[in-house]
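Q: Following this message is one structure expressed as structure tokens.
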Amino acid sequence: MSIKKAALAAAVSFVAVTAAQADIKMAFIDPLSGPFGPSGEAAYTSFILEAERINEAGGVNGEMIEVTGYDNKVNPKESLVQLQKAIDSGARYIFQGNGSSVAAAIIDAVNKHNSRNPGEEVLFFNYAAVTPAFTNEDCSFWHFRFDAHADMKMAAITDYIRSQDDIKKVYLIGQDYIFGQAVAAAAESQLKEKRSDIEIVGNELHPLGKVKDFTPYIQKIISSGADAVITGNWGADMQLLMKAAAESGSDIPYLTFYGGSLGAVSALGDGAKDLLYQVTEGITNLEADEGQYELIETYKERFPEYDYYYHRAHVAMRMFKKAAEEAGSVEPIAVAYALEGMTHEDAYGPVTMRADDHQVQQNLYISTVSDDVKYGVDNIELGWKMVDGGKIEAAAAEQPTTCEMERPEKP
């Protein structure tokens, strides 16, 4: 067994022992194998660690949490099979984030389950599937998103581009499914609004998780004369894109949603400095209190193959605990109503769950790769450092919603 798999197995075993009599069952449904397995595992370990910390502090209303992982292979149909297994096992809370096509299937399935099974409702906590529709026209009372959606992240990126006079030509590249399409659409509309002088010299979508060598794509980018690239790629697709960029020797900056994907920085090496950028809800190298530093270091000690990346997993768990305690109940409807409008005072700024659409509102940060950092990534000395003016206040990142939500009767 590899070190990575051994660490994950040990963590799961520990949770199983400490939460053997768990009253609150939660299901993590995401890839735990295949090319996107590392993305799922990195998030899963964050939920596991936060569950442990909550349990060690006395649980939620005195009840213990158990988080069980279900491997969906980033496949919507397989996700529905795993969702049913989770519900049959007693899970009332579902975590998922890798793949908006999967999230769309889960939202629909949860809506149907809850309408057919009053008193046995489940809630879906979305920590990373950021297609804007989920908190707009497809919003649901049973869905809460703990990550900024694509339009919010693109607003941060395009605000940064607006101040970069040397960027005249932009190339768009992304994964060919609803999320990648949403990223491309947001980039086109927001660049036109904020920098109408910028020429989009390429707009390419590639199959999700199928490309093994991005060299042909990189050659197109170089040939286009692009001054910058915008991409929503994540997981293996992000890492392999950066590998090909490094091998090409090009010095084109990449403005990304998920440049922090495992292996992306190390693929570029020193070439990542001041060329690889990302937008996130937190950065390990931001100034924070000792409690946050202790959490980062505990995570890295427990899971040395991964980086502390999914801060929002910890936020989601903490907001669940706060909501359940305010409601005096762990029943999903009561928790959902308590979550609406809730503000959590976080290490990187306040986090508010907007009641209108269940879209979290929080500060966003633009960072780039630097060797002047406390915490590196990929087990190298390079890490993420906020750019000058890189803090986007929650109010500036906020986007309007078209959500018209139907709510069940309050308990």
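The values are calculated or read from the model by the stated rules, or taken from the named source; none is laboratory data. Predicted, not measured: the structure shown is a model, and the values here were computed from it. Note that each Cβ is placed from the backbone with ideal geometry, even for glycine, and that neighbours are counted across all protein chains shown. Heads up: the accessible areas ignore ligands, DNA and RNA and are worked out on the full protein's heavy atoms, side chains in. Shrake-Rupley method; radii C 1.70, N 1.55, O 1.52, S 1.80 Å.
Q: Looking at the stretch 383-401, which of its residues are in contact with an Asp or Glu (Cβ under 8 Å, 6 or more places away or on another chain) and among the basic types (Lys, Arg)?
A: 385
Q: Would you check if residue 110 is part of a strand (DSSP E or B), touching a strand residue (DSSP E or B) at 6+ places or on another chain (Cβ under 6 Å) and at pLDDT 95 or above?
A: No; evaluated as a whole, the condition is false for this residue.
Q: Consider the stretch 85-129. How many of its residues are farther than 27 Å from residue 176 by Cβ and either in contact with an Asp or Glu (Cβ under 7 Å, 6 or more places away or on another chain) or not charged (D, E, K, R) (or both)?
A: The number of residues fulfilling the criteria is 14.
Q: Separate question: Residue by residue through the stretch 77-99, note down the ones that are crowded, with 18+ Cβ neighbours inside 10 Å and assigned to a helix (DSSP H, G or I).
A: Those that are crowded, with 18+ Cβ neighbours inside 10 Å and assigned to a helix (DSSP H, G or I): 79, 82, 83, 86, 87.
Q: Among residues belonging to the stretch 128-183 that are aliphatic (A, V, I, L, M) and assigned to a strand (DSSP E or B), point out the one that is farthest from the chain's Cα centre (by Cα).
A: 170
Q: Of the residues 323, 334, 338, 355, which is without any contact (Cβ under 8 Å) to a residue 24 or more places away in the chain, of a type in the set (A, V, I, L, M) and surrounded by fewer than 18 Cβ atoms within 10 Å (Cβ to Cβ)?
A: Result: 355 is the single residue among 323, 334, 338, 355 that is without any contact (Cβ under 8 Å) to a residue 24 or more places away in the chain, of a type in the set (A, V, I, L, M) and surrounded by fewer than 18 Cβ atoms within 10 Å (Cβ to Cβ).
Q: Only one of 380, 392, 333 is among the hydrophobic types (A, V, I, L, M, F, W, C) and within 19 Å of residue 256 (Cα to Cα); which?
A: Result: 392 is the single residue among 380, 392, 333 that is among the hydrophobic types (A, V, I, L, M, F, W, C) and within 19 Å of residue 256 (Cα to Cα).
Q: Quick one: residue 214 ticks every box in (1) crowded, with 19+ Cβ neighbours inside 10 Å; (2) under 24 Å from residue 156 (Cα atoms); (3) in contact with a Leu (Cβ under 6 Å, 6 or more places away or on another chain) except a single one, so which number is it?
A: (2)
Q: From (1) closer than 21 Å to residue 372 by Cα; (2) touching a residue at least 60 places away in the same chain (Cβ under 8 Å), pick out the condition that doesn't hold for residue 271.
A: (2)
Q: Additional query: For residue 261, all conditions in the list (1) assigned to a helix (DSSP H, G or I); (2) under 23 Å from the mean Cα position of the chain (by Cα); (3) farther than 15 Å from residue 173 by Cα hold save one; what is the number of the exception?
A: That leaves (1) as the condition not met.
Q: Return a yes/no flag: does the stretch 115-136 have any residue that is of a type in the set (S, T, N, Q), open to solvent by 30 Å² or more (accessible area, probe 1.4 Å) and more than 30 Å from residue 199 (Cα to Cα).
A: Yes, the stretch 115-136 has at least one match.
Q: With the requirement that a residue be in a loop (DSSP other than H, G, I, E, B), open to solvent by 10 Å² or more (accessible area, probe 1.4 Å), at pLDDT 95 or above and within 19 Å of residue 177 (Cα to Cα), what does the stretch 217-246 give you?
A: none
Q: Condition check: over 16 Å from the mean Cα position of the chain (by Cα) and free of Cβ contacts under 8 Å to residues at least 60 places away in the same chain. Does residue 349 satisfy that?
A: In short, yes.
Q: Something else now. If I ask for residues that are open to solvent by less than 70 Å² (accessible area, probe 1.4 Å) and in a helix (DSSP H, G or I), which ones from the stretch 184-205 would you list?
A: Of everything in the stretch 184-205, those that are open to solvent by less than 70 Å² (accessible area, probe 1.4 Å) and in a helix (DSSP H, G or I) turn out to be 184, 185, 186, 187, 189, 190, 191, 194.
Q: State the number of residues belonging to the stretch 185-210 that are hydrophobic (A, V, I, L, M, F, W, C) and either touching a His at 6+ places or on another chain (Cβ under 6 Å) or without any contact (Cβ under 8 Å) to a residue 24 or more places away in the chain (or both).
A: The total comes to 1.
Q: Sticking with this structure for a sec: Could you check the stretch 35-93 and list, in sequence order, the residues that are under 17 Å from the mean Cα position of the chain (by Cα) and hydrophobic (A, V, I, L, M, F, W, C)?
A: 36, 42, 43, 47, 48, 49, 74
Q: Also, I was wondering about something else. Could you list, in sequence order, all residues of the stretch 247-257 that are touching a residue at least 24 places away in the same chain (Cβ under 8 Å) and assigned to a loop (DSSP other than H, G, I, E, B)?
A: If the condition is that a residue be touching a residue at least 24 places away in the same chain (Cβ under 8 Å) and assigned to a loop (DSSP other than H, G, I, E, B), then 250, 251, 252, 253, 257 are the ones that fit.
Q: Looking at (1) surrounded by 20 or more Cβ atoms within 10 Å (Cβ to Cβ); (2) touching a helix residue (DSSP H, G or I) at 6+ places or on another chain (Cβ under 6 Å); (3) assigned to a loop (DSSP other than H, G, I, E, B), find the lone condition where residue 208 falls short.
A: (2)
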